[in-house]
Each structure stands twice: as structure tokens, then as C-alpha cells.
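One structure is given below, encoded as C-alpha cells.
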Amino acid sequence: MTAKNTTAQRHLKHLDQRLVGISDAIADVRTLVTKVAPTEATVLLQGESGTGKEVIARLVHDCSERAGGPFIPVNCGAIPSELLESELFGHEKGAFTGAVAARKGRFELAEGGTLFLDEIGDMPYEMQVKLLRVLQERTFERVGGGKAIKCNVRVIAATHQHLEQQVEDGKFRMDLYYRLNVFPLEIPPLRDRTADIAGLAQRFIDSFAEQGRGFIRLEADAMAHLRLYPWPGNVRELGNLIERLIILHTDKVVFAVDLPAKYQSTDLAVAERPHNVQPLVDQLPQDETEDLSPLFAPAPTSPVAPPTPSHIDEPIDLKQHMADTERSLIISALEQTGWVNAHAAKLLTVQRTTLVEKMRKYNIKQEADSSEFRRSATK
């Protein structure tokens, strides 16, 4: 098996981890991705803005035999029409005012890989003819050049518009539409996959926590309101909301009353926020100390063996002693795993979110603490 095939198989195996969701709608998308990815078929992704069309396009690329090649995205609606041809096909020196040197276009940059044409419905009509020719003949010319350049590129296109209606209105070429629409894939809006909201929200929370930007915990009543919201901005809007909540309620439990007003459903009652809710880092069970047995369990994979003195010569602060030992074990595990939180958490047999909470509690940061720990270990 080639390296490319191995990479694609690895991505296919972990597809459910990258495409989060338990709903039937997203399960259908996963099935279609697994079927079309190994082929060379042109894919047309359709769905509302914010549904994650580029995420799906990258998954198709990563699960294909082109996984080792480049993935080049182009937003056709964000590039002025007079510059789009040069962006796609490149130009030769002196082709137009300002072309002081030859430049490769996106098709050349994507050679051997995948070109993702986002918002294809916004492509100017005159450019559609040139794109069609490339898809048919697999050759193109740079602006200002006369040499035909062959290309080996898989094209994935995406749009939030109804291209069939665009064709009827004379705004999109019928021949190009059928050339792109070899394998249509509809991405469901978030309101049609409400069962996935909790998992997606937690993915965003974990992502922000890994970036050191804080974390939150969504209480059940808050999640109930979020499931009733129509989500016009889809998954992108959910990510923006989580970021906003983390800024406003860093390291806290978020209740329904803490949600912005528009996310509070009129179909559900909104109770007052409970009094005396402690920050998450202070919510430690068992007499203010979390069950540390996973950290202290003797095992050959433990990075540092915990001290077990046979005799106590003088009074000690047990709580501080346990905290210091826990901090040392966490730093040791992080250093052993290259400061990858997920790997360190696995080594310590704790949840990744628990590890992130403890890193914030002990103010553990890579640059400062790794050297500090090494110095203290040699004393």
C-alpha cells in the first residue's frame, strides 16, 4: 500500500472524529464522503452558508489518493472579476500593468492535489467558459501566455445558491453545471441536525481551551434552549457563540440565563442563575481535592513515581504536598508527550478537559514551566 493510500485510510478511519455528529443527516454525509473520496469524480457541495462546506471538501481530499498533494481553496466570490482569471491560471511577466514577474495560478499550485472552488455560483459568466474548457481538456494557458499547460487536478466546487435556478435565469452555464454536478452532496443546515449541537459545542469548547483562551461548561438548561434556536448562521454561528460565551464567562458554568437574549427560547422558561456557583477550576469534589488515584496509581508508564515516605519526621501540609506532586506529574507528562494535551491526558488517564483545567489552576505553560521543572528536578 502506498503512503498516499495509508494516509487516506487513516483519515477514513477517523472520519467520525473530524465530522462531528450523531444525527442521521450527518451520518449520511459521512457515508457519501467515504464513497466519493477514493474516486476522481468532481464533487459539487451545496448548502447554506456556515454549514461547513470547506470542511467537507478537505475531508474528501484527505480521504482520497490525492491526500499527499496540495489542497488549494479559492473563494470565487471574493476575488474581483478582472483578477479571477489571473488567480486561477496565473500570468506571464508583462501580461498587464503590474505584472512585473511571471506567477503561477491556483491550478498550477494545486497540481497533483485538489482545487476547491468555493462560491462557484458567484463566478462571472465569461470566466465560466474558461473554467469549462479546463475541466474538459485538462489544459490551460496563463494570462499573456500561449503555451498550453497540462493539469492533474481534482475539482471540488461549492455554493449556497440554487444553481439550477441560476441556469434557468441565464446566470450560470448549463454545460458547466452538469460538468460540476457529477457527484452532488447536500450539506444539512444545523437546524436539521439538532442532535449534533451538544457535540459540536463541546468540540469548539475543547478547541478554545487548547488554545489557552479559557473554557466553559454548558448547563443542561442552556443546551435545551440552543436546541430550539433555528441557527440561520449554522455551525459557524455556533462557533461564534461559544467564543463569545468563553469571553464573557471564562472558566464558569453557563446557564440559559447567561445566553444572549435571542438564543433564549420563548417556549422554555428561563430560571435565574443559581447563587454561589463556583468557577469550574474550584469545583473539586472530595474535600476540595479531585480523586487523584489515576495520577498516583503505580504503573510502568507513569512519568514520575510519587514520593512515599516511610516515616514523617515533621508536620507537612498534605494538601500542598499533593498539589505539588500533581503539578510535577502533569508537567512531566506534558514534556514526555511534547506538550500535546491529548497525549498527556491519556498518559495520566484523565479527560483532556480535566487536564486543561488543572493546567490553568497551576498556571502551567510550556515555555516557562518546562525549564522551571527541569531546574527544580535537579535540585
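The values are calculated or read from the model by the stated rules, or taken from the named source; none is laboratory data. Everything numeric here is computed off the predicted structure, so don't read it as measured data. Quick reminder, even Gly has a Cβ in these numbers, built from the backbone with ideal geometry, and neighbours come from all protein chains shown. Just the protein is used for accessible areas: all its heavy atoms, side chains included, with ligands, DNA and RNA removed. Shrake-Rupley method; radii C 1.70, N 1.55, O 1.52, S 1.80 Å.
For segment 12-52, just say rounded, prolate or oblate: build the C-alpha gyration tensor, square-root its eigenvalues into a ≥ b ≥ c, call rounded for a/c under 1.5, and beyond that prolate if a/b exceeds b/c, oblate if not. Working shown, then result.
Working: a/c = 1.93, a/b = 1.10, b/c = 1.76.
It comes out oblate by the Cα gyration axes.
Would you list which aspartates and glutamates come within 20 Å of residue 365, measuring only between C-alpha atoms, while excluding same-chain residues fewer than 8 positions from it?
Leaving aside aspartates and glutamates fewer than 8 places away in the same chain, those within reach of residue 365 are 206, 210, 251, 282, 324, 326, 335, 357.
In segment 1-149, how many lysine pairs have Cα atoms under 30 Å apart, counting only pairs 8 or more places apart or on different chains?
Within segment 1-149, the lysine pair count is 16.
Report for segment 57-195 the percent antiparallel among DSSP-assigned beta bridges with both residues inside it, nearest 5.
25
Which order do peptides 56-64, 329-337 fall in by mean Cβ count within 10 Å, highest first?
Highest to lowest by the protection proxy: 56-64, 329-337.
Mind grabbing the accessible area of residue 362 for me, 1.4 Å probe, Å², rounded to tens?
40
Label-point separation (nm) for residue 54 and residue 35, each offset 7 Å from Cα along Cα-to-Cβ?
Result for the modelled spin labels: 2.8 nm.
Quote the accessible area belonging to residue 364 in square angstrom, nearest 10, computed with a 1.4 Å probe and with ligands, DNA and RNA left uncounted.
Only protein atoms counted, so the area is about 10 Å².
Output ³J(HN,Hα) for segment 189-204: one whole-Hz value per residue in order, computed from phi by the Karplus curve 6.51 cos²θ - 1.76 cosθ + 1.60 with θ = phi - 60°, and x for Gly and Pro.
Here the 3J(HN,Hα) series is x, 5, 5, 9, 9, 4, 5, 8, 4, 4, x, 5, 4, 5, 4, 5 Hz.
Grab the other residues whose beta carbon is less than 13 angstrom from that of residue 270, score K and R as +1, D and E as -1, and report the net.
On the way: positive: 262, 273; negative: 219, 221, 258, 267, 272.
My count for the surroundings of residue 270 gives -3.
Excluding residues on the same chain fewer than 8 positions from residue 171, give the aspartates and glutamates whose Cα lies under 12 Å from its Cα.
Cross-link targets: 122, 126.
First check a/c for segment 49-176, with a ≥ b ≥ c the square roots of the eigenvalues of its C-alpha gyration tensor; if it is under 1.5, answer rounded, and if not, answer prolate when a/b is larger than b/c or oblate otherwise.
oblate
List the residues, sorted by chain then number, that are 5 or more residues from residue 152 or on another chain and whose placed amide H is less than 5 Å from its amide H.
Amide H to amide H, under 5 Å and 5 or more residues apart or across chains, residue 152 pairs with 112.
Could you go through segment 93-100 in sequence order and give the Karplus-derived ³J(HN,Hα) for each residue, using 6.51 cos²θ - 1.76 cosθ + 1.60 with θ = phi - 60°, rounded to whole Hz, and x for Gly and Pro?
So the J values, rounded to whole Hz, are 4, x, 5, 7, 4, x, 7, 7.
Determine, for each peptide in 16-22, 116-122, 102-108, the mean count of other beta carbons within 10 angstrom over its residues, then list the peptides with the highest first.
For the peptides 16-22, 116-122, 102-108, the packing ranking is 116-122, 102-108, 16-22.
7 Å from Cα along Cα→Cβ at both residue 96 and residue 161: what's the point-to-point distance in nm?
According to this spin-label approximation, the distance is 2.0 nm.
Can you run phi through the Karplus equation (6.51, -1.76, 1.60; θ = phi - 60°) for segment 255-266 and list ³J(HN,Hα) in whole Hz, with x for Gly and Pro?
9, 4, 5, 7, 6, x, 3, 5, 8, 8, 5, 6
Residues with amide H under 5 Å of residue 186's amide H, sequence separation 5 or more or different chain, H placed in the peptide plane at 1.01 Å from N; which?
46
Note down the Stokes-Einstein diffusion coefficient of segment 98-232 in µm²/s, whole number, using a Kirkwood radius over alpha carbon pairs, 25 °C, and 0.890 mPa s.
In µm²/s, the coefficient rounds to 130.
May I ask you to rank 343, 275, 91, 321 by accessible area, largest first, using a 1.4 Å probe over the protein chains only?
275, 343, 321, 91
For segment 162-207 and segment 101-122, write down the distance between their C-alpha centroids in whole Å.
Cα centroid of segment 162-207 versus Cα centroid of segment 101-122: 21 Å apart.
For residue 254, enumerate residues with amide H under 5 Å from its amide H, sequence gap 5+ or separate chain, H modeled in the peptide plane.
Amide H to amide H, under 5 Å and 5 or more residues apart or across chains, residue 254 pairs with 217, 218, 219.
What do you reckon, how do 205, 316 stack up by accessible area (1.4 Å probe), largest on top? Spell out each step's value before the answer.
On the way: 205 5, 316 100 Å².
Ranked list, largest accessible area first: 316, 205.
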